[in-house]
1. Using the Cβ atoms and a cut-off under 9 Å, what net charge is assigned to the surroundings of LYS206, where Lys and Arg are +1 and Asp and Glu are -1?
2. Of the options CYS189, TYR31, PHE74, report the single residue whose Cα projects farthest towards the positive end of the charge dipole of the chain (beta-carbon charges: Lys, Arg +1; Asp, Glu -1).
3. In debye to the nearest 20, how big a dipole does the chain give about its Cα centre with +1 on each Lys and Arg Cβ and -1 on each Asp and Glu Cβ?
4. Whole Å is fine, so just give me how far the alpha carbon centre of the range 165-203 lies from that of the range 94-145.
5. Remind me, what semi-axes does the range 49-142 give for its equivalent ellipsoid, largest first in whole Å, using sqrt of 5 times each Cα gyration tensor eigenvalue?
6. If you put +1 on each Lys and Arg Cβ and -1 on each Asp and Glu Cβ, how big is the dipole of the range 30-129 around its Cα centre, in Debye rounded to 20?
7. Express the relative contact order of the chain as a whole percentage, based on alpha carbon pairs under 8 Å and six or more residues apart in sequence.
8. Label points 7 Å out from Cα along the Cβ direction at GLU63 and VAL104: separation in nm?
Amino acid sequence: MRKEERYKGVLNWFAENVPVAETELHYENPYQLLIAVILSAQCTDKRVNMITPALFQDFPTPEVMAATTPEVIFEYIRSISYPNNKSKHLVGMAKMLVNEFHGVVPSDINELQKLPGVGRKTANVIASVVYNKPAMAVDTHVFRVANRIGLTNNSKTPLETERELVKHIPEEQISIAHHWLILHGRYICIARKPKCEECGLKPWCKHFLRPQKT
Ligand code: SF4
């Protein structure tokens, strides 16, 4: 199957069957989403959503967060993965937002990546979800699912995957395609044993269509 045909089939299927796809993190403004995405590294959205209400209530702005210490933040986030590093990142991020960005979350991918705790994936999520830019954040789900379906050619790095997806997906669909692939990876094309029987992408999926060993 030609790559164009595969992309067309997959994107049309998602557009028809999953018209709404959004982040499962809870947030009300760009600052809160930035916090939630930093916290979600190596952690489930569900767990992050359990701890953010208290954090958002007590640290409602970058200014308030910048005035506290990582030790204080640690107590709010101790139940998630890597609380030590993440509490340092949150306070450092808030300080930089206040000192260098007038307390406003930047929209530029390179500027976002200057913030402590913000790598390319997080920067792409913010650019795409908050600022509606055609940015493709590649997490472990997007990386795996894109390779399995054959949207990428056994890509070796998230950056390779990002470039390949951005090259083939129409600009207006890049933002939602990120959520389509994440949700598909989270609930259907799961890491250990993909639920191919339930999956609507079978007609285009390279992994499903591969010749079976006899
Ligand atoms: S057919 Fe199977 S391997 Fe392919 S996308 Fe669906 S669940 Fe994943």
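No value in this document is a laboratory result; all are computed from the given coordinates. Just so we're clear, the structure is a prediction, and the values are computed from it rather than from any experiment. Heads up, the Cβs are rebuilt from the backbone with ideal geometry, glycines too, and the neighbour counts pull from every protein chain shown.
1. On the way: positive: ARG6, ARG148, ARG210; negative: none.
Here the count lands on +3.
2. The one lying farthest along the dipole's positive direction is CYS189.
3. Values: 27 positive and 22 negative charges, 266 e Å.
Using Cβ point charges on Lys, Arg, Asp and Glu, the chain gives about 1280 debye.
4. Cα centroid of the range 165-203 versus Cα centroid of the range 94-145: 22 Å apart.
5. Values: eigenvalues 99, 56, 27 Å².
The equivalent ellipsoid of the range 49-142 has semi-axes of 22, 17, 12 Å.
6. Numbers: 9 positive and 8 negative charges, 75 e Å.
Rounded to the nearest 20 debye, it is 360 debye.
7. Numbers: 249 pairs, mean separation 42.1, N = 214.
Reported relative contact order: 20 percent.
8. Result for the modelled spin labels: 1.6 nm.
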